[in-house]
1. Residues in region 134-142: is at least one in contact with a Lys or Arg (Cβ under 8 Å, 6 or more places away or on another chain) and of a type in the set (A, V, I, L, M, F, W, C)?
2. So, Leu188, is that one in contact with a Phe, Trp or Tyr (Cβ under 9 Å, 6 or more places away or on another chain) and surrounded by 15 or more Cβ atoms within 10 Å (Cβ to Cβ) or not?
3. Which residue out of Glu185, Glu159 is closer than 22 Å to Gly77 by Cα and assigned to a helix (DSSP H, G or I)?
4. If you go through region 136-190, how many residues are under 21 Å from Val51 (Cβ atoms) and not hydrophobic (A, V, I, L, M, F, W, C)?
5. For region 113-150, how many residues meet the condition of being assigned to a helix (DSSP H, G or I) and of a type in the set (A, V, I, L, M, F, W, C)?
6. Among the numbered conditions (1) surrounded by 14 or more Cβ atoms within 10 Å (Cβ to Cβ); (2) farther than 18 Å from Tyr113 by Cβ, tell me where Asp160 comes up short.
7. For region 68-107, name all the residues that are touching a residue at least 12 places away in the same chain (Cβ under 8 Å), exposed (fewer than 13 other Cβ atoms within 10 Å of the Cβ) and assigned to a helix (DSSP H, G or I).
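Where a number appears in this text, it was derived from the coordinates with a stated rule and is not lab data. Bear in mind that the values here come from a model prediction, so they are computed numbers and not experimental data. Here the Cβ positions follow ideal geometry from the backbone for every residue, glycine too, while neighbour counts run over all protein chains shown.
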Amino acid sequence: MRGHADRCAGSVIARSANYRALQRHERDLACLVLADLSLSTDAWIGDEHRVIDVIRDSLLLFGEALAATGDRFAMYGFSSLKRSLVRFHEIKTFAERFDNAARGRIAAIKPGYYTRLGAALRQATTLLAAQPAKLRPLLIVSDGKPHDIDHYEGRYGIEDTRMAVIEARRQGLKPFCITIDREGEDYLPHMFGPAGYTVVRQPEDLALRLPALYAQLTR
């Protein structure tokens, strides 16, 4: 130890008390992942994989990565059938561990109906806003624009989602959309802002891009 060496050398500034300060640096962070499980995710992107398969693999890999970091996180999926039926699937809550039960729920996800994104975002915002964390990213994994069969399409769905994003930001959350829709550049800037989204042009790259994007957002 340096103090012992100083005393042996006759240093007058050597002190008899020796200590080491141990400080834990934990990230004050809570993340919610919201996955689009609409019927469009049943589309094939190759001879062997569908969009839903890519989303499933991405959630599994991302869950393992987040569990390894120790960051608090939750995972949900959604689909809809008109405004009266918005399905909000609980995959992993903030209170649960990422264990075999959570992995089993990811493995069991299936394509649903439509994409009432504004409603799903508001429910996700309520859950994430209740978490006492300084940084609260809300990650949306999607394959297309908001859509439902009760006129929730086109401009109406886009504007409703945009307002849900604004409401989330007002509560201190950080919404960010990751999409595999190559036409996302046409509507995502209006909904999420120029820095609030990214387009993954090769769907099979989603599983690798998701942890990297998370690392950038939480630095």
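1. yes
2. Details: in contact with a Phe, Trp or Tyr (Cβ under 9 Å, 6 or more places away or on another chain): yes; surrounded by 15 or more Cβ atoms within 10 Å (Cβ to Cβ): yes.
Criteria met by Leu188.
3. On the way: Glu185 fails: closer than 22 Å to Gly77 by Cα.
Selected residue: Glu159, the only one of Glu185, Glu159 that is closer than 22 Å to Gly77 by Cα and assigned to a helix (DSSP H, G or I).
4. 19
5. Here is the first cut: in region 113-150, the ones assigned to a helix (DSSP H, G or I) are 117-129.
Applying the additional criterion that residues be of a type in the set (A, V, I, L, M, F, W, C) yields 117, 119-121, 124, 127-129.
Summing the residues that are assigned to a helix (DSSP H, G or I) and of a type in the set (A, V, I, L, M, F, W, C) in region 113-150 gives 8.
6. It is condition (2) that Asp160 fails.
7. Ala107
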